[in-house]
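I have placed the structure first, in the form of structure tokens, so that the comments after it can refer back to it.
We did not get these values from a lab; they are worked out from the coordinates using the rules stated. Nothing here was measured: the structure is a model prediction, and the numbers come from that model. Here the Cβ positions follow ideal geometry from the backbone for every residue, glycine too, while neighbour counts run over all protein chains shown.
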Amino acid sequence: MNRNRSSGILLHVTSLASRYGVGDLGPEARRFVDFLRGNGQRYWQMLPLNPTSPVHGNSPYSSDSAFAGNPLLISPEDMVRDGLLRPQDVHDLPEIPVSRVKYADAMALRESLLDKAFTESGRSPAVREFRVRQKAWLEDFALFRALKAHFHGQPWTAWPEDVRRRKDAAMQRFRDSLHDEIDRICFQQFVFFEQWRSLRSYCRDKGVELIGDVPIYVNEDSVEVWANPELFKLDEHLRPRFLAGVPPDYFSETGQLWGNPVYDWKQMEREDFAWWIRRIRHNIELFDLVRLDHFRGFVACWEVPAGHETAMHGQWVDVPAQSFFQRLARTFNPLPLIAEDLGTIDDAVRNVMHKFGLPGMKILLFAFGPDLPTNPYAPHNHVPDCLVYTGTHDNNTVRGWFEEEADAETRARLDAYLGISCTSENVALAFVRMGMQSVADVVVFPLQDILGLGGESKMNVPGVANGNWSWRMPPDALARMTGGDDNHVATGMLDNPPCLAGGRLLEMTTLYGRGPARQCD
């Protein structure tokens, strides 16, 4: 990967502090970039930015578009800054000062503001130019969303036959009749991507690079499947013949049945992988590095015949990985991709990663089982060309893992390995230090572990439908970690003391050669 020794923080945009119910792309995002810069961090990693839905538990990994941005992340303050709203439009808004994301309230507020701005600016020359540039995905997405509202939220598979099959006459009829709604949806996307462009520029000016995340699959009820049915294994009724998942393993006796339609990789290869090229290019324009989620599925995918309730009766089906990644490598050189190679990985996956120079991931929370001496996640087995994490968005926090999941034997191995007695108060700091010490080129820490927070602060519990994706950082967290700022910082606001308070993150980053070169005292 040749990224030199560096480090960063994993924090989704929704978890930022803000006045309006959810983190967004505005002032607090820039403040977080300043924090990263001031503490020697090179990377800000986040979760997918695509639209979310309460139907799917607001998961950023379940979206109706692989290209659109999430209007929930639009900053009201920056709409004022950019002249789309008047100051009083935002000044008079009620604050939503909650410790967890209030998805419904936050979205309703933004919809109201965006509708107000659309009345004044929705068809400006800048918006028209944006629509021309993004036409390849935007027009289908806007029509899909407009049709979904017209048909009262029904999935596209329940729409009238001529609309489901995108007959020309039906498409033109609805483009005409839903013209205003289509314009409104396109305007929302314009605002999102203008704000993102501004934040991306700010990051570049501060020397902070962005790591994005691309889920491998898309939802059945998405514009991607509706607009490109030939790219998926569908039956004559446009319903999936196979569903994606993973087979039974140590963690699940019945496997995981995700429910996404699987790709028709043979058809994708016949089309020279054009859809994937567009998708990767789109994300490379947004981020400096892109993580490919469930990388295993780019080499072979687990296909379960539709109708089964578990993943037990699926089979592995090979993907044309060599030709796919050769096509990517010809288009994007070097490949700015990270392979999420967690789970059961075989030689075929490792060979593809090695051939195309794709770094994988090492998770410290997975290192301290009975196989510790040979465990590839243990620090003494790390390699430079990888990214090390204390944990991911799907894991407990380090402190939560220690308090709720690690048994006595695991704790004993951890103590023996570190040569200290780990406690709830010091275990997160110990894991951050292990990551910093690693020979890995890049190490990334969830902010919860930098703060030393417990299990109540985990982002997601896989397999649990509700209550996920709603964690938000304490409002004074950044000030506490930097030892305060120009504003008065109240004491005692964090339930658990931050493990790297008072500037220690910068000290540790510098000590282990991951930040600005500085003489150690």
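Long-range amide H contacts for Val98: which residues qualify at under 5 Å (H placed 1.01 Å from N, peptide plane, sequence gap of 5 or more or a different chain)?
Residues meeting the amide H criterion: Gly21.
For region 358-459, what is the largest minus smallest coordinate of the Cα atoms on each principal axis, given in angstrom and ordered from greatest to least?
Ordered largest first, region 358-459 gives principal extents of 33, 27, 19 Å.
How big is the chain by Rg and Dmax over its Cα atoms, in Å?
Using the Cα atoms of the chain, the pair Rg, Dmax is 23.3, 74 Å.
Treat each spin label as a single point 7 Å out from the Cα along the C-beta direction, and report the Glu405 to Glu271 distance in nm.
3.8 nm
What is the sum of charges around Lys266, taking Lys and Arg as +1, Asp and Glu as -1, for the other residues whose C-beta is under 15 Å from the C-beta of Lys266? Present the calculation step by step, with values, prior to reporting the outcome.
Numbers: positive: Lys233, Arg241, Arg270, Arg327; negative: Glu230, Asp264, Glu269, Glu271, Asp272, Glu303, Asp318.
The answer is -3.
For q values of 0.10, 0.15 Å⁻¹, compute log₁₀ I(q)/I(0) with the Debye formula on a Cα-only model of region 216-356, without solvent.
Log-scaled intensity ratios, in q order: -0.34, -0.79.
Going Cα to Cα from Lys102, which lysines come in below 28 Å? Please leave out same-chain ones fewer than 8 positions away.
Filter leaves Lys116, Lys148, Lys458.
Neighbouring Cβ atoms within 10 Å as the yardstick, rank Glu303, Glu120 fewest first.
Details: Glu303 20, Glu120 12.
Fewest to most other Cβ atoms nearby, the residues stand as Glu120, Glu303.
Mean projection of the alpha-carbon convex hull of region 160-250 over all orientations, in nm²?
Working: hull surface 40.5 nm².
Approximately 10.1 nm², given one-decimal rounding.
Please give the length that would be gained between Val439 and Asp415 if that part of the chain were fully extended, namely 0.36 nm times their separation in residues minus their C-alpha to C-alpha distance (nm, one decimal). Write out the running numbers ahead of the final one.
Details: separation 24, 0.36 × 24 = 8.64 nm, distance 2.11 nm.
Stretched out fully, the Val439 to Asp415 stretch lengthens by 6.5 nm.
Just to check I understand the Karplus step: with θ = phi - 60° and J = 6.51 cos²θ - 1.76 cosθ + 1.60, what whole-Hz values come out for region 214-229, glycine and proline as x?
In residue order, the calculated couplings are 10, x, 5, 9, 10, 5, 4, 8, 9, 5, 5, 6, 5, 7, 9, x Hz.
Largest first, please: the extent of the C-alpha atoms of region 252-325 along each principal axis, to the nearest Å.
Largest first, region 252-325 extends 39, 27, 19 Å along its Cα principal axes.
Which percent of Cα pairs goes in each bin when the distances of region 113-187 are cut into 10 angstrom slices starting at zero?
19, 48, 26, 6
To the nearest 20 debye, what charge dipole does region 206-358 have about its Cα centre, counting +1 at the Cβ of each Lys and Arg and -1 at the Cβ of each Asp and Glu? Spell out each step's value before the answer.
Details: 15 positive and 24 negative charges, 114 e Å.
That gives a dipole near 540 debye.
Out of Pro334, Thr510, His354, whose Cα points farthest toward the positive end of the dipole of the chain (charges: +1 Lys, Arg; -1 Asp, Glu; placed on Cβ)?
With unit charges placed on the Cβ atoms, the residue in question is Pro334.
Net charge near Lys233: determine it from the other residues with C-beta under 13 Å of the C-beta of Lys233, scoring Lys and Arg +1 and Asp and Glu -1. Spell out each step's value before the answer.
On the way: positive: Arg239, Arg241, Lys266; negative: Glu220, Glu230, Asp235, Glu236, Asp264, Glu303.
For residues surrounding Lys233, the net value is -3.
How much of the DSSP beta bridge set in the chain is antiparallel, as a percent to the nearest 5?
35 percent
Any chance you could check the Cα centroid distance between region 432-483 and region 14-78 for me, in angstrom?
15 Å
Projecting each Cα onto the charge dipole of the chain (Lys/Arg +1, Asp/Glu -1 at the beta carbon, about the Cα centre), which of Pro240, Val432, Leu178 comes out farthest on the positive side?
In the chain, that residue is Leu178.
Which whole-number percentage describes the relative contact order of the chain, with Cα contacts under 8 Å and a sequence gap of 6 or more? Provide the component values of the computation, followed by the final result.
On the way: 906 pairs, mean separation 93.1, N = 521.
The normalised contact order for the chain reaches 18 percent.
Which net charge results for the neighbourhood of Asp64, defined as the other residues with beta-carbon distances under 14 angstrom from its beta-carbon, given Lys and Arg at +1 and Asp and Glu at -1? Could you put the intermediate results ahead of the total?
Values: positive: Arg145, Lys148; negative: Asp140, Glu220, Asp221, Glu224.
Taking every Cβ under 14 Å from that of Asp64, the sum is -2.
At a 10 Å Cβ-Cβ cut-off, how would you order Glu224, Glu271, fewest neighbours first? Walk me through the numbers on the way to the answer.
Values: Glu224 25, Glu271 15.
Ordered by Cβ neighbours within 10 Å, fewest first: Glu271, Glu224.
For a quick check: with amide H placed at 1.01 Å from N, whose amide H comes under 5 Å from Asn375's, ignoring anything fewer than 5 positions away on the same chain?
For Asn375, no residues qualify.
Given the DSSP H assignment, sum -39500 (n - 2.57) over each helix run of at least 4 residues in the chain and divide by its residue total; what's the result at 222 nm in deg cm²/dmol, nearest 500?
On the way: 20 runs with 200 residues, N = 521.
Value at 222 nm, helices only: -11500 deg cm²/dmol.
With bins 10 Å wide starting at 0, give me the P(r) of region 1-129 over every alpha carbon pair, in whole percents.
Going from the shortest bin to the longest, the percentages are 11, 37, 34, 15, 3.
For Glu209, enumerate residues with amide H under 5 Å from its amide H, sequence gap 5+ or separate chain, H modeled in the peptide plane.
Close amide H contacts, sequence-distant or interchain: Tyr43, Trp44.
For the pair Ala329 and His179, how long in nm is the line joining their label points, each one 7 Å along Cα→Cβ?
Label-label distance for Ala329 and His179, simple model: 5.1 nm.
Length gain on complete extension for the stretch Val317 to Asp371, per 0.36 nm per residue less the alpha carbon to alpha carbon distance?
Numbers: separation 54, 0.36 × 54 = 19.44 nm, distance 3.03 nm.
16.4 nm is the gain from fully extending Val317 to Asp371.
With θ set to phi - 60° and the Karplus curve 6.51 cos²θ - 1.76 cosθ + 1.60, what are the ³J(HN,Hα) couplings of region 56-72 in order, to the nearest whole Hz, using x for Gly and Pro?
These are the phi-based 3J(HN,Hα) values: 10, x, 6, 6, x, 9, 10, 9, 8, 8, 8, 10, 5, x, 8, x, 4 Hz.
In nm, to one decimal, how far is the Thr344 label point from the Arg128 one, both placed 7 Å along Cα→Cβ?
Going by the 7 Å Cα→Cβ label model, 5.7 nm.
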